[in-house]
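Take a look at the structure below.
The values are calculated or read from the model by the stated rules, or taken from the named source; none is laboratory data. These numbers were taken from a predicted model, which means no experiment stands behind them. When we count neighbours, we look across all protein chains shown, and the Cβ atoms used for this are built from the backbone with ideal geometry, even at glycine. Heavy atoms of the whole protein, side chains included, go into the accessibility calculation; ligands, DNA and RNA do not. Shrake-Rupley method; radii C 1.70, N 1.55, O 1.52, S 1.80 Å.
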Amino acid sequence: MSGPPSEILDKISRNYHLACMKRLTPANSIVSRNEIASWTRRDFVRSGIAAMGALALGGCGRTRALRSPLATGTAADLDNLARNIRGRFLRDGSPLYDEARKVWNLAYDRRPLAIARCADIDDVRHCVEFARRHSIPVAIRGGGHSYAGFGVADGGLQIDLGGFNAVRVDQHRRIASVGGGTKIRELLTATLSAGLYTPMGSCGAVGVAGLALAGGDTAARGLFGTACDNLIGAQLVTADSEVLELGPGRNEDLFWAIRGGGGNFGVVTRLDFQLHPVLTLHFANFEFGWNNIAGAMRGFGDLVRETPDAVRAGFFVNAETGATANCGFYGDAAAAAAYLAKWKSAFPSIEPRMGSSLPNAEGEVWATTSVAVDGAFLEGLDDGVVDVLARAAVTGRGVGEILMGLSNGVASRIAMKETAYPLRGTGLSCLLSAEWKRPEEGERAERWVAEHGVALRPWAHRAYVNYLAPSSADRIREIYGVNYPRLARIKARYDAANLFRSNQNVLPSDGS
Ligand SMILES: Cc1cc2nc3c(=O)[nH]c(=O)nc-3n(C[C@H](O)[C@H](O)[C@H](O)COP(=O)(O)OP(=O)(O)OC[C@H]3O[C@@H](n4cnc5c(N)ncnc54)[C@H](O)[C@@H]3O)c2cc1C
């Protein structure tokens, strides 16, 4: 059922040479290197984590084990955990430890206390229980493709869900159920062979949960909503090691929170997605190179202000080849041709490359790299933002890339408070990224992203959280906007000690 990758998917993926600005942040470097060593060499750890946990406990007692003022733990406790879980357990010094702690974005070189490759839900529960009792932060790893490196945390317990990759497709009910560590390629291989599809990102190696829990910058969202909108059920292990079923009528507050709120609320061990028919995408690619990028962006901005739901569109500036605008139309070839004629007449001097394609499970494969990123959700392309982006494009030649993907149709019309995902209304998910291969190139890449990210900030009150480096509490609060207070209350109820904080973190608050 799957065809060759569409050129639109190619272009999107080509622009995912991504990265992160800060290599170590407070959220991800919570325990010092010496303290890690103390687990393995001195049989004893005393970290400041529990003090933070105790502060966070405030009004909620769901994580009572953290009420003690300081965490203690012995290497024997760690041995116990290793014995209790069925999956593989790696510590600093284990032969596979260094390979296993590596994430896609090599800018994040972090050393977890231990890595548990969980084999089943009891393994996950044992890990969470251990982390809670000893006030050790948890890093959840699915596909390992977080730009912010959240799948690994210094001094944390890494819960690796790579083994949770079973996919079950119910063709009759049009539902796919996947394990919490499933990759996009594993999900789509199964659905496409049943003639079905659900909106996902374009790189097959990305984790389904990491993408969908944060919302998703996805194909076909104009017709079907984005990834979190198609999440119809889930299973989650809470900070109290409880296993909860989420969905309509089942733990609805958590179900609301995980649709956009990321990995803040627990370890999601299963996700159920609504499936849709596979549709052909008819597309036109307009390549502008380095000529009049501002003019091309303005033309693109006019075209995407209002679009039929069947439209998928993006604007990309590749560091080597310059700017491209893509428009695709799902479904009927004649309707697509009539619509694409409008784009052709908007760019009369460019002969577009036309074609059609079916969804492809593998998408693009991007080798691990070091990359800096920043993002913005742009409500339109006014002259001010076009100036900023065009300047970024020109100064970024050979260094940085710009990607803007249209969010329209069904994804844009869902009410802001219906799920935690805050990117409603028509807009463009914008990603600035700059990659480096040699350490000496890192500073230039980070500087380009930082400089143009700051220039973009007046238009970046909202952003796709998966397109950001680890971000401040204030930025995350601003991005979630009206949904933040409810997220913070749910966080306080289910994870008051903030065990799950290797993410774009929602701080627990009962609102008092
Ligand atoms: C090459 C590349 C291409 C990309 N393309 C797209 C795209 O087309 N569209 C798009 O929307 N995004 C895209 N992204 C961004 C991607 O969605 C995020 O980086 C996402 O976090 C990756 O998820 P992961 O499971 O692979 O990452 P990981 O590093 O394994 O996980 C990141 C974080 O997600 C959370 N998480 C993951 N799994 C679970 C779980 N089971 N339970 C609870 N929390 C969990 C945790 O907080 C975890 O720390 C791309 C990234 C890269 C590097």
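For a straight C-alpha distance cut-off of 18 angstrom, the aspartates and glutamates reachable from Lys437 (same-chain residues fewer than eight places away being disregarded) are Asp109, Glu320, Glu401, Glu446. Only protein heavy atoms count here; under a 1.4 Å probe, Val243 has an accessible surface of about 60 Å².
Solvent-accessible surface of protein heavy atoms, probed at 1.4 angstrom with all chains present, puts His172, His461 in the order His172, His461, largest first. Per residue of the chain, the DSSP helices (runs of n ≥ 4 H) give a summed -39500 (n - 2.57) that works out to -8500 deg cm²/dmol at 222 nm. For the chain, the fraction of 1.4 Å probe accessible surface lying on carbon and sulfur atoms is 51 percent. Against the chain, whose longest principal axis comes from its Cα atoms, helix 442-456 is set at around 70 degrees. Evaluate the relative contact order of the chain (contact order divided by residue number), counting alpha-carbon pairs under 8 angstrom at least 6 apart; express in whole percent. This gives 20 percent for the chain.
Taking all protein chains together and rolling a 1.4 Å probe, Arg489 ends up with roughly 120 Å² accessible.
Solvent-accessible area per residue in the stretch 429-512 equals 41 Å², computed with a 1.4 angstrom probe and all protein chains kept. Three principal axis extents of the chain based on alpha-carbon atoms, in descending order, are 71, 54, 48 Å. The solvent-accessible area of Lys102, taken with every protein chain present and a 1.4 Å probe, is close to 100 Å².
When the residues Met354, Met200 are ordered by accessible surface, computed with a 1.4 Å probe over the protein chains alone, the sequence from largest down reads Met354, Met200.
Probe radius 1.4 Å, ligands and nucleic acids left out: which of Asp495, Asp217, Asp332, Asp92 has the largest accessible area, and how do the rest follow?
So, going from the largest accessible area down, we get Asp332, Asp92, Asp217, Asp495.
For the chain, excluding the exposed loop sites themselves (GluC sites (Glu not before Pro), DSSP loop, at most 10 other Cβ atoms within 10 Å), the longest remaining stretch covers 1-305.
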